[in-house]
Amino acid sequence: MKRIMTTLALMLALPALAQKSDAAKVYSAAEIQHQLSELAGPAKDKGSSGATLGDFGSHALKLSLRSSSGGAEIHAHFDDVMVVTQGSATLITGGTLVDAHAGSDGESKGASILNGVTQTIAVGDIVHVPAGTPHQLLIAKGILFSAFVVKIRE
């Protein structure tokens, strides 16, 4: 009986173990460049485009490509870590959202930021924007800006 119970417990545990993946994932430079080239058309047409490389529960890995400025926003439940991979932008953080409105996803969006801190960011820069911090990217005309973004759930 004890052997049957042990075997049954192992059989029940195996599917749960199979569902969890501890395997490392590598995104090659070629994959990234291919994804960015696919995002370029929509980014030029709509002003921005993005792709999720992977969502791992506690965090997600994303690519972002912009050809124009975005609105101001606040993430209630996510820290953003950005590594600038192409172009440059003006980053505004802090201050207050102008014409703010809350979305159902915990995000607040606005037209711009009043009394924020302005910084220029460029290729190779790493940016951390904590959850709850107003932020906005301003992109100069003719600039294509891309970043690798890690969205960390709070």
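Every number in this text was worked out from the coordinates using simple rules, so none of it is lab data. Source: prediction; values computed, not measured. Here the Cβ positions follow ideal geometry from the backbone for every residue, glycine too, while neighbour counts run over all protein chains shown.
Fraction of C-alpha pairs exceeding 15 angstrom in region 19-76: 60 percent, rounded to a whole number. Candidates GLY95, LEU63, PRO130 compared by Cα position along the dipole of the chain: farthest toward the positive end lies LEU63, with charges placed on Cβ. How many angstrom lie between the Cα centre of region 84-154 and the Cα centre of region 55-78? If you average the Cα positions of each part, the centres end up 9 Å apart.
Summary of packing: across the peptides 96-105, 41-50, the per-residue average of other C-beta atoms within 10 Å ranks them, highest first, as 41-50, 96-105. Available extension along the chain between VAL83 and THR52 is 9.7 nm, counting 0.36 nm per residue and deducting the alpha carbon span. If R0 is 35 Å, the Cβ-Cβ spacing of ALA29 and ALA131 corresponds to a FRET efficiency of close to 0.70. Over all other residues within a Cβ to Cβ distance under 15 Å of LYS141, the charged ones net out to +2, with Lys and Arg as +1 and Asp and Glu as -1. Mind pulling the angle between the C-alpha long axis of helix 2-19 and the longest principal axis of the chain? Nearest 10 degrees, somewhere in 0 to 90. So the inclination is approximately 20 degrees. Over all other residues within a Cβ to Cβ distance under 10 Å of THR52, the charged ones net out to +1, with Lys and Arg as +1 and Asp and Glu as -1.
Dividing the convex hull volume of the alpha-carbon atoms in the chain by its residue count gives 148 Å³ per residue. Could you work out how far helix 29-46 tilts from the main Cα principal axis of the chain, as a 0 to 90 degree angle to the nearest 10? Helix 29-46 sits at roughly 50 degrees to that axis.
For a straight C-alpha distance cut-off of 28 angstrom, the lysines reachable from LYS25 (same-chain residues fewer than eight places away being disregarded) are LYS62, LYS151. From its DSSP helices (H runs of at least four residues, each -39,500 (n - 2.57)), the chain gives a residue-normalised ellipticity at 222 nm of -8000 deg cm²/dmol.
Along region 88-104 the Karplus relation, 6.51 cos²θ - 1.76 cosθ + 1.60 evaluated at θ = phi - 60°, assigns HN-Hα couplings of 8, 7, 9, 9, 10, 10, x, x, 10, 5, 8, 6, 5, 9, 8, x, 6 Hz to successive residues, with x for each Gly and Pro. For the chain, leaving out every one of the chymotrypsin sites (Phe, Trp or Tyr not before Pro) that falls in a DSSP loop and has at most 15 other Cβ atoms within 10 Å, the longest unbroken run is 57-154. Close amide-amide hydrogen proximity is noted between VAL123 and GLY87, each under 5 Å apart and 5 or more residues distant or on a separate chain (H modeled in the peptide plane; Pro and chain starts excluded). Here region 47-154 is treated with +1 on each Lys and Arg Cβ and -1 on each Asp and Glu Cβ, and its dipole about the Cα centre works out to around 280 debye. Remark: region 131-141, residue by residue, has Karplus-estimated 3J(HN,Hα) of 3, x, 9, x, 8, 7, 10, 10, 10, 5, 4 Hz, where x stands for each Gly or Pro and the curve is 6.51 cos²θ - 1.76 cosθ + 1.60 at θ = phi - 60°.
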